[in-house]
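**Q** Structure provided below as structure tokens; questions to follow.
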Amino acid sequence: MKFYLEVSVRIQRVMRDMFPLQEQFSVDEGFYAMPYPSILFSDPVASARAFQDRIWDQFRIRCRIGLAPNKWLAKMANGRAKKIPGGVLWWRDDEIPAAIHGFSVFDMWGLKKRAQILHDEFRCVTIGDVSRVPVGRLRQRFGVWGDIIHDWSCGVDRSPINPDAYKAPHKGYSHRTTLPQDFFEREEIAVVILELLDEVCRRVRKAGQHGRRIGLSLTYAGFTGGFYRAKTFGSYEDESHVLYPVLLSLLDRHWNGSGVRAVGVALDDLRPTETLQLSLFEDAERIRDLTRTIDEIRERYGETAIIRASSLTKAGQIMDRSHKIGGHWE
């Protein structure tokens, strides 16, 4: 995984060199834009193939490219490009929306569970069917997402390419882990929750922020079912000892006793940490200094340099996770 990430960074750099207006979308995806028609880019397909050739020459990796008038259509075209010899598909302006209206509603990228609702409640089988649903009905059912769904079904996407997308301030922090086997005991699940919470709080503090809404997600055995529940505080927090009891209360209230295979913790509704919330019942400054010292030690020597005793029990996952990147072995 470490090597995978290093290569990803280098490929994104190649993309940026060829197409300066570029946005990294994920570890192995990105958007780029070029003026067309223009002297530099008289043939978009030829430019795409030149990009493919550079990736192949430098990394021996094949890639596919979807070309279209906007980001959403490019993403859709990219999905179809894998079925095209050469892996490049260009949808021109005058081919939209005819190019997409025959696709299944479940092929609409970005909808997730909303596609099922469109199919079951609106009787939409194709993207063309979605485009014929009055936008007011979509807005009534999906809120602001109704306008987005209507635009996408008509081949419209107003989102710009943002070269600084990865530099934007986080709206929230989360950490999730898949367990090696199903956990059935509350005490074992609680250990994992605390480990994840410690990591989330450390990242929030490192960013100079604190949050007001804490959330817990559980995925049940077989990766079927589960829940996500959150609670909003009256104050902003970044300390595990304050947030942990709330997560346990969410666990006790919403867990149905099924085997648990994955656990996630999230902290959002963030704002910059500019003041220290004092307390009548504890030495807030001492706790803050202790927490920051632990953060510095872990930052310098690794997350296992200081761990809780509970992480040494059979339920602890931090020792195994410390050898992984993004959940994968290095």
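The values are calculated or read from the model by the stated rules, or taken from the named source; none is laboratory data. Given the structure is predicted, the values throughout are model-derived calculations rather than measurements. Cβ sites come from the backbone with ideal geometry, for glycine too, and all protein chains shown count toward neighbours.
**Q** Looking only at segment 103-141, how many residues end up being over 24 Å from Asn78 (Cα atoms) and in contact with a helix residue (DSSP H, G or I) (Cβ under 6 Å, 6 or more places away or on another chain)?
**A** Applying the first criterion (over 24 Å from Asn78 (Cα atoms)) to segment 103-141 yields 117, 120-123, 132-141.
If we keep only those that are in contact with a helix residue (DSSP H, G or I) (Cβ under 6 Å, 6 or more places away or on another chain) as well, we get 135, 138-139.
Residues flagged as over 24 Å from Asn78 (Cα atoms) and in contact with a helix residue (DSSP H, G or I) (Cβ under 6 Å, 6 or more places away or on another chain) within segment 103-141 amount to 3.
**Q** Okay, next question. Quick check on my filter: what residues within segment 76-89 are of a type outside the set (A, V, I, L, M) and buried (at least 17 other Cβ atoms within 10 Å of the Cβ)? Reasoning before the result, please.
**A** We begin by selecting, within segment 76-89, every residue of a type outside the set (A, V, I, L, M); these are 78-80, 82-83, 85-87.
Matches in segment 76-89: Asn78, Gly87.
**Q** What residue, of Glu187, Glu195, Glu199, is in contact with a strand residue (DSSP E or B) (Cβ under 6 Å, 6 or more places away or on another chain), within 19 Å of Leu251 (Cβ to Cβ), assigned by TED's automatic domain parsing to the domain that holds Thr291 and of a type in the set (D, E, K, R)?
**A** Numbers: Glu187 fails: in contact with a strand residue (DSSP E or B) (Cβ under 6 Å, 6 or more places away or on another chain); Glu195 fails: in contact with a strand residue (DSSP E or B) (Cβ under 6 Å, 6 or more places away or on another chain).
Testing whether each residue is in contact with a strand residue (DSSP E or B) (Cβ under 6 Å, 6 or more places away or on another chain), within 19 Å of Leu251 (Cβ to Cβ), assigned by TED's automatic domain parsing to the domain that holds Thr291 and of a type in the set (D, E, K, R) leaves just Glu199.
**Q** Under the condition of being among the polar types (S, T, N, Q) and surrounded by 12 or more Cβ atoms within 10 Å (Cβ to Cβ), which residue from segment 16-66 is nearest to the chain's Cα centre (by Cα)?
**A** Filtering segment 16-66 for residues among the polar types (S, T, N, Q) gives 22, 24, 26, 38, 42, 47, 52, 58.
Next, only the ones that are surrounded by 12 or more Cβ atoms within 10 Å (Cβ to Cβ) stay: 22, 24, 47, 52, 58.
Details: Gln22: 19, Gln24: 13, Ser47: 30, Gln52: 26, Gln58: 29 Å.
Among those residues, the one meeting the criterion is Gln24.
**Q** Scan segment 190-202 and tell me whether some residue there is of a type outside the set (D, E, K, R) and outside any helix (DSSP H, G or I). It would help to see each step written out before you state the result.
**A** Of all residues in segment 190-202, those of a type outside the set (D, E, K, R) come to 190-194, 196-197, 200-201.
From what is left, the residues that are outside any helix (DSSP H, G or I) are none.
The answer is no, given that none of the residues of segment 190-202 is of a type outside the set (D, E, K, R) and outside any helix (DSSP H, G or I).
**Q** Could you grab me the full set of residues in segment 118-147 that are free of Cβ contacts under 8 Å to residues at least 12 places away in the same chain and in a helix (DSSP H, G or I)? Before the answer, list the steps.
**A** Of the residues in segment 118-147, the ones free of Cβ contacts under 8 Å to residues at least 12 places away in the same chain are 120, 123, 132, 134, 136, 139-140, 143-144, 146.
Across segment 118-147, the qualifying residues are Asp120, Gly136, Arg139, Gln140, Val144, Gly146.
**Q** Return yes when Tyr244 is in the same structural domain as Gly215 (by TED's automatic domain parsing), at pLDDT 85 or above and in contact with a His (Cβ under 9 Å, 6 or more places away or on another chain) and no when it is not. It would help to see each step written out before you state the result.
**A** Values: in the same structural domain as Gly215 (by TED's automatic domain parsing): yes; at pLDDT 85 or above: yes; in contact with a His (Cβ under 9 Å, 6 or more places away or on another chain): no.
No.
**Q** So which of Ala262, Ala207 is buried (at least 16 other Cβ atoms within 10 Å of the Cβ) and touching a Phe, Trp or Tyr at 6+ places or on another chain (Cβ under 9 Å)?
**A** Being buried (at least 16 other Cβ atoms within 10 Å of the Cβ) and touching a Phe, Trp or Tyr at 6+ places or on another chain (Cβ under 9 Å) holds for just one of Ala262, Ala207, which is Ala262.
**Q** Do any residues in segment 180-208 that are aromatic (Phe, Trp, Tyr) have Cβ atoms under 6 Å from those of residues that are in a helix (DSSP H, G or I), where the two are at least six apart or on different chains, and which pairs are they?
**A** So the pair list comes out as Phe183/Ile189.
A quick yes/no check of all residues on (1) in a helix (DSSP H, G or I); (2) modelled with pLDDT under 90; (3) closer than 30 Å to Arg261 by Cα:
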| site | (1), (2), (3) |
| --- | --- |
| Arg158 | no, no, no |
| Ser174 | no, no, yes |
| Val204 | yes, no, yes |
| Leu218 | no, no, yes |
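**Q** Which residue out of Ile61, Ile39 is out of contact with any Cys (no Cβ under 8 Å at 6 or more places or on another chain) and without any contact (Cβ under 8 Å) to a residue 24 or more places away in the chain? Spell out the reasoning first.
**A** Numbers: Ile61 fails: without any contact (Cβ under 8 Å) to a residue 24 or more places away in the chain.
Criteria check complete, one pass: Ile39.
**Q** Any residue that is acidic (Asp, Glu) and at pLDDT 95 or above - is there at least one of those in segment 28-45?
**A** For segment 28-45, residues acidic (Asp, Glu) and at pLDDT 95 or above: absent.
**Q** Next question. Can you tell me which of (1) without any contact (Cβ under 8 Å) to a residue 24 or more places away in the chain; (2) buried (at least 17 other Cβ atoms within 10 Å of the Cβ) is the one Leu73 doesn't meet?
**A** All conditions are met except number (1).
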